[in-house]
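K.L.:
Sharing a structure below in structure tokens format, with a few things to ask.
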Amino acid sequence: MHYLSKITLAAVACLSLSAPLRAEGIFGDGWTLKPAASTLNFQSVKNQSVVESSGFAAYSGKIDPSGKAELRIALDSVDTKVDLRNVRMRFLLFETFQFPEATVTAQIDPAALADLPDLRRKTIDLPYTLSLHGVAQEATAPVVVTYLDPQTIAVSTQRPISVETKNHNLDAGVKKLEEAANVAIVPSASVTFDFIFSADGSGTTAPPAAPAEQPAPSTAALETQGNFNAEECKGRFEILSRTGNIYFRSGSATLDDKSAPLLNSLADIVNRCPDMTVEVSGHTDSDGSAATNQRLSERRAQAVTAYLTGRDVAPDHLVSVGYGEEKPVVPNTSSDNKARNRRIEFAVLD
């Protein structure tokens with residue numbers, strides 16, 4: 001074959017390789033995130049100098065043909081490499097029983113990446129919206145997009161993205177973490193990611209791939225399957241006692257409906273500690289008479305045990321007791337302190 005003909009054929013072959021992206025636009029039939037080949041991490045700082053890196057085990061993502069992108073993160077899958085630290089993050093910071101996932105959405109301009117097959121690697125400023133803990137926050141971050149082959153691209157952070165806890169109503173959760181672990185925590189995190197996306201189809205000859213299913217939070221958590229051991233049970237009940245997410249009507253033992261998410265999670269944990277008896281204790285502030293507070297604390301503890309038995313927890317695994325105003329966690333000197341003293345706690349008796 002003539003040398004020039006060989007060069008011509010090689011050029012045609014190269015053009016054909018990039019045809020799926022060029023023919024249907026840069027996003028083709030859409031792209032799907034491949035979690036097994038990707039990473040999503042965040043770094044936090046405690047005691048001013050100790051940096052801890054954590055990640056998530058379950059997340060999914062899509063970019064549709066128009067460039068609309070969505071990332072869904074199962075917060076129950078937070079992975080700090082330490083079981084009870086995971087539990088603290090879930091119950092005290094993210095409050096996953098109420099806010100099970102975070103989402104990131106963005107609209108990518110197809111024109112901004114039209115030359116990606118030629119450049120192979122490009123940095124773009126990407127406006128996005130992070131919805132976390134019930135709060136949506138807009139921001140812009142530089143991301144690096146790398147063309148690996150006609151069916152695969154990588155999207156990664158150019159530099160860590162700072163997420164401040166105050167922007168998502170997480171400061172109260174940070175305070176709970178500090179008290180639970182006896183540390184000082186910087187109220188922000190640095191997020192990094194390296195995502196691999198695969199093309200959903202090749203032009204018009206193949207149908208778009210089905211969206212990846214999002215793992216249910218209850219199955220995504222990195223923790224012991226089945227029953228917990230004694231240490232795991234005791235640690236979980238100590239953490240649950242710090243949530244402050246069990247609510248009653250003022251001066252009443254009637255549970256508020258917004259207590260249900262935490263109590264449902266609690267019922268699952270009690271059932272996974274089958275050889276233990278759990279004390280459910282009620283506590284009040286010092287307003288009112290001691291006798292009235294004693295009765296109220298008893299009735300509130302009983303209301304919680306009744307809810308749990310209604311969720312298939314065996315009655316002989318629970319003991320309810322009221323301590324009234326006898327065991328404050330902080331002095332009853334302010335409305336905030338009094339609110340903290342009005343609480344339900346859980347402890348393993350045997």
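The values are calculated or read from the model by the stated rules, or taken from the named source; none is laboratory data. In this text, all values refer to a predicted model and were calculated from it rather than measured experimentally. Cβ atoms come from the backbone with ideal geometry, glycine included; neighbour counts cover every protein chain shown.
K.L.:
Any residue at all in segment 146-162 that's among the charged types (D, E, K, R) and assigned to a loop (DSSP other than H, G, I, E, B)?
P.N.:
Yes, there is a match, as at least one residue in segment 146-162 is among the charged types (D, E, K, R) and assigned to a loop (DSSP other than H, G, I, E, B).
K.L.:
Oh, and also: Is one or more of the residues making up segment 93-100 loosely packed, with under 14 Cβ neighbours inside 10 Å, of a type outside the set (Gly, Ala, Ser) and either in contact with a Gly (Cβ under 8 Å, 6 or more places away or on another chain) or assigned to a strand (DSSP E or B) (or both)?
P.N.:
no
K.L.:
Here is a follow-up. Being closer than 14 Å to Phe237 by Cα and of a type in the set (A, V, I, L, M) is the filter here; which residues of segment 309-318 pass it?
P.N.:
Leu318, the sole residue that qualifies.
K.L.:
Another question, if that's okay. Could you say whether any residue in segment 107-119 is under 30 Å from Glu231 (Cβ atoms) and surrounded by 21 or more Cβ atoms within 10 Å (Cβ to Cβ)?
P.N.:
Scanning segment 107-119, I find no residue that is under 30 Å from Glu231 (Cβ atoms) and surrounded by 21 or more Cβ atoms within 10 Å (Cβ to Cβ), so the answer is no.
K.L.:
Report, by residue number, each residue of segment 271-301 that is more than 13 Å from Ser320 (Cβ to Cβ) and in contact with a Leu (Cβ under 7 Å, 6 or more places away or on another chain).
P.N.:
Thr284
K.L.:
Here is a follow-up. Just one of Leu222, Leu177, Leu132 is of a type in the set (A, V, I, L, M), within 20 Å of Thr80 (Cα to Cα), in contact with a strand residue (DSSP E or B) (Cβ under 7 Å, 6 or more places away or on another chain) and at pLDDT below 95; which is it?
P.N.:
Testing whether each residue is of a type in the set (A, V, I, L, M), within 20 Å of Thr80 (Cα to Cα), in contact with a strand residue (DSSP E or B) (Cβ under 7 Å, 6 or more places away or on another chain) and at pLDDT below 95 leaves just Leu222.
Okay, residues lined up against (1) closer than 24 Å to Leu170 by Cα; (2) modelled with pLDDT of 95 or more; (3) not acidic (Asp, Glu):
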{"position": "Ala206", "(1), (2), (3)": "no, no, yes"}
{"position": "Glu213", "(1), (2), (3)": "no, no, no"}
{"position": "Ala230", "(1), (2), (3)": "no, no, yes"}
{"position": "Ile239", "(1), (2), (3)": "yes, yes, yes"}
{"position": "Arg242", "(1), (2), (3)": "yes, yes, yes"}
{"position": "Tyr247", "(1), (2), (3)": "yes, yes, yes"}
{"position": "Leu255", "(1), (2), (3)": "no, yes, yes"}
{"position": "Pro261", "(1), (2), (3)": "yes, yes, yes"}
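K.L.:
Additional query: Would you be able to say whether some residue in segment 172-183 is touching a Gly at 6+ places or on another chain (Cβ under 9 Å) and free of Cβ contacts under 8 Å to residues at least 40 places away in the same chain?
P.N.:
Within segment 172-183 (the criterion being touching a Gly at 6+ places or on another chain (Cβ under 9 Å) and free of Cβ contacts under 8 Å to residues at least 40 places away in the same chain), the answer is yes, since at least one residue qualifies.
K.L.:
Moving to a separate point now. Give the residues of segment 331-350 that are farther than 18 Å from Tyr247 by Cα and either under 30 Å from the mean Cα position of the chain (by Cα) or touching a residue at least 60 places away in the same chain (Cβ under 8 Å) (or both), sorted by residue number.
P.N.:
Result: Ala347, Val348, Leu349, Asp350.
K.L.:
Still on this structure, I have one more. List pairs: first residue in segment 33-46 and more than 15 Å from Ser198 (Cα to Cα), second residue part of a loop (DSSP other than H, G, I, E, B) and not polar (S, T, N, Q) anywhere in the structure, Cβ distance under 6 angstrom, at least six positions apart or on different chains.
P.N.:
Pairs that qualify, where the first residue is more than 15 Å from Ser198 (Cα to Cα) and the partner is part of a loop (DSSP other than H, G, I, E, B) and not polar (S, T, N, Q), are Val45/Val186; Lys46/Val183.
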